[in-house]
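To start, the structure under review is shown below, and the notes come after it.
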Amino acid sequence: MKKRTAAIYIVVILGSTLLGAFAGVVSAYLGSAPSLDQVNIHQNFTTYIYDIHGRLITDLYKENRIPVDINELPDHVKNAVVAIEDDQFYNHHGINFIAFGRAILVNLKEWSFSQGGGTITMQLARNVFLTQKKTIMRKLEEFLWAVQIERKYSKDEILEAYLNEFYLNHGVYGIEAGARTFFGKSAKDLTVSEAALIAGVIRWPTRYSPFVNPDIAVERRDFVLSRMQEVGYLTPEEAAAAKAEPLVLAERQQRTVQARYFVDYVVADLVEKYGEAAVFSGGLHVYTTLDLDMQKAAEKALLEGLPVNRNHEGNLTQPQGAVLAIVPQTGEIRVMVGGRGEDSFNRSVQALRSPGSAIKVFPYTAAIDNGITPAKVYIDEPTDFKLITGEIWSPQNYYQTFAGPVTVREALEDSLNVIAAQIVDELGPQTVIDYAKRMGITTFVEQGRVNDIGLAPLALGGMTKGVSLLEMATAYGVLANQGIKTEPFAIWKVTDSNGNVLEERSPRYEVVLSEQTSYIMTDMLRGVIERGTGKNANIGRPAAGKTGTHSDYQDAWFVGYTPDLVGVVWFGEDTPRRMVYQGVQYGSWNAATIWANFMKEALKNHPVTDFPKPSGLVEGILIDTKTGLLVRDNCNLPPEETRREIFVAGTEPTEYSPRCSEPWWRSIPFLNQ
């Protein structure tokens, strides 16, 4: 009797212990359920970047997923997924115990985890919150998350999240991206047959993809259609008609990168503002200032116009080049080409290179703004300048010759170095730097033993650091925009995946020059193209610009503009060296040709307009180009030594040229013998 009683006590104690342990396990398991606050369905959506005309430039994603509103989808699209993935979706609270029990029996029989018995809600829990590991613990967690999801969200919200979530191979997620990838249409436009095919891919994307196994995909589609009929979503006739529909797939699109340097520039800005997760997973819509047509024209002109150093070192073709264009009235960046496309270094904004004679626009602008006129005469002759260091500097012109007396206009057109140095010396280097900074140049070195406060850097462009294409475009844009500087920008609007505006940009202006100074500079720079060093840049419409070649031919520039577009072309080797290839010397004349080819194509559909002329000018005044003074109507100077000039009112000459006091031929000895 005592032994029997002891046995009963032992059984009771063991039973109580096991029951308590089981209760503890169950309690701990239930206690591990996520709170409703933790159950927040967040999905990665594709970000889209558009050009100024709303055309897609590229998309950014970790998972190529396009959000779709379930209310926009026809019933047959939703029904196809429900029929094949969870036909009791609307009848359970997250777990289909009958299906799960059936799956357990199959798994025990086959000794595997091949059957999951998972509902749509459980699959959503696994995909969004858990892992894909096939373990008992993960399945138990799945139960808890599924129940909580059902408590927090409606059936339509759960199904919408699932339709946006599932993977379809080829980097494609969700019904909308799948519809566009496989059939080239939106999910709302799918036929019953097409919807069934996509629904069939969900279970085994690598096998059932129509791009991989079209015959197997059709068999799977027909199985889905049969399930839709069994569930009651289709009549036998509708199912038969859908099965008879031939498989017509969209052409598989290869992912291409357009305007890669511009995209990198924009993405860097977006990541800084919104973070990497938002940019690559947040479904942003980014509306930019780029014009894809102009961009393609620039890329073509650059690649066709660049020479090739057949003996270059390294993996990159040399020389490299860049093109950048902005709208001077707004600062919108229309074109950004940062190289040949062989690397990610964006030479249009990141490279700082010597501008050569393209820098001359700054001393001449400062001169005009300080009362020096286009008609003022300087003597182009061998000249020694004493530098602040005590050294003597004797600049040379390109052809190693000197022109004698020349007007400011002629000196700029022919890019005479001696005259530019005289003007910088006359105004003072700091004055020239101040004008350049006012117009948008930020890279001057103004302190230290090596700096840019000198004649050579400001007359010939041999700056300590150099300058970027973006800043040169900004500075020349001031002249194109009647003295108003606009801050360049690439993004004008960003919205989130729901269409809410996150930012919207308006142009930012600053008046930095007078309209009269800007117009006269533009008029002189037109002469550079019409008669001077920039003849290769003639595009058959009003345009102004300036060539720039480094003294050692390491950099070649052309910066030019029409009334509505500023374009900058540069090329040179990444490690600067003289550009002589196969015995041919390359320089700014080649850059001018590239610029012309780009601008002609970029502006071919734009009306021809002229630069607006402000008030406060006097024009048509006949001057003697050897003295800069007035010419009388009866003066017989050679025609090539006179010209009609334009002045800011009050700066025009009032005296007459003494060369008109006798016939011009009197100054020619052999005509007086």
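Numerical summary
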{"read-out": "Against the rule of thumb 2.2 N^0.38 Å, how large the Cα Rg of the chain comes out", "value": "1.43"}
{"read-out": "Interchain or long-range residues, amide H under 5 Å from residue 622's placed H", "value": "631, 645"}
{"read-out": "Whole-Hz couplings from phi, Karplus 6.51/-1.76/1.60, listed for the range 290-306; x for Gly and Pro", "value": "5, 10, 4, 5, 5, 4, 5, 5, 5, 4, 5, 4, 5, 5, 6, x, 6"}
{"read-out": "Whole-percent carbon and sulfur share, accessible surface of the chain, 1.4 Å", "value": "52 percent"}
{"read-out": "Cα gyration tensor, the range 427-468 - rounded (a/c under 1.5), prolate or oblate", "value": "rounded"}
{"read-out": "Mean ellipticity per residue at 222 nm, deg cm²/dmol - from DSSP H runs of n ≥ 4 across the chain, formula -39500 (n - 2.57)", "value": "-12000 deg cm²/dmol"}
{"read-out": "Gap separating the Cα centres of the range 337-364 and the range 422-469, nearest whole Å", "value": "16 Å"}
{"read-out": "Cα-based shape type of the range 379-456, given that a ≥ b ≥ c are square roots of the gyration tensor eigenvalues and the cut on a/c is 1.5", "value": "oblate"}
{"read-out": "Along the chain, longest interval not containing exposed trypsin sites (Lys or Arg not before Pro), exposed being DSSP loop plus at most 11 other Cβ atoms within 10 Å", "value": "450-603"}
{"read-out": "Dipole moment magnitude, nearest 20 debye, the range 378-419 about Cα centre, only Lys, Arg, Asp, Glu C-beta charged", "value": "100 debye"}
{"read-out": "Dipole magnitude of the chain, debye to nearest 20 (Cβ charges: Lys/Arg +1, Asp/Glu -1, about Cα centre)", "value": "2300 debye"}
{"read-out": "Folded to 0 to 90 degrees: helix 174-183 orientation relative to the chain principal axis, Cα", "value": "70 degrees"}
{"read-out": "Degrees between helix 260-274 axis and first principal axis of the chain (Cα, 0 to 90, nearest 10)", "value": "60 degrees"}
{"read-out": "On Cα atoms only, tilt of 515-530 relative to the major axis of the chain in degrees", "value": "80 degrees"}
{"read-out": "Accessible surface, per residue, of the chain when the full set of protein chains is kept, probe 1.4 Å, Å²", "value": "47 Å²"}
{"read-out": "Size of charge dipole - the range 163-284 - debye, nearest 20, with Cβ of Lys, Arg +1 and Asp, Glu -1, no other charges", "value": "180 debye"}
{"read-out": "Dipole of the chain, positive end: most advanced residue of 97, 568, 191 [Cβ charges, Cα centre]", "value": "97"}
{"read-out": "Anisotropy class of the range 534-673 from Cα gyration tensor, a/c 1.5 cut", "value": "oblate"}
{"read-out": "Sites residue 443 and residue 277, calculated FRET efficiency, Cβ-Cβ separation with R0 41 Å, nearest 0.05", "value": "0.75"}
{"read-out": "5 angstrom amide H check on residue 617, placed H, neighbours 5+ away", "value": "649"}
{"read-out": "Entries of 376/485; 535/613; 300/613; 296/493; 152/493 with Cα pairs more than 30 Å apart", "value": "300/613; 152/493"}
{"read-out": "Long-range amide H partners of residue 332 with built H, under 5 Å", "value": "327, 489"}
{"read-out": "Set of aspartates and glutamates near residue 273 by C-alpha distance (under 12 Å), chain-local residues within fewer than 8 positions excluded", "value": "503"}
{"read-out": "Dimensionless Rg/Rh of the range 399-519 - Kirkwood Rh, Rg from C-alpha atoms", "value": "1.11"}
{"read-out": "Residue among 374, 324, 47 farthest towards the positive dipole end of the chain, charges placed on Cβ", "value": "47"}
{"read-out": "For the range 62-67, Karplus couplings with θ = phi - 60° (6.51, -1.76, 1.60), whole Hz, Gly/Pro x", "value": "8, 10, 6, 10, 10, x"}
{"read-out": "In the range 409-451, the GluC sites (Glu not before Pro) that fall in loop regions by DSSP, at most 14 other Cβ within 10 Å", "value": "446"}
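The values are calculated or read from the model by the stated rules, or taken from the named source; none is laboratory data. What you are looking at is a predicted structure, and each value in this text was computed from that prediction instead of being measured. We place every Cβ from the backbone using ideal geometry, glycine too, and count neighbours over all the protein chains shown. Keep in mind that these areas ignore ligands, DNA and RNA; they rest on the heavy atoms of the full protein, side chains included. Shrake-Rupley method; radii C 1.70, N 1.55, O 1.52, S 1.80 Å.
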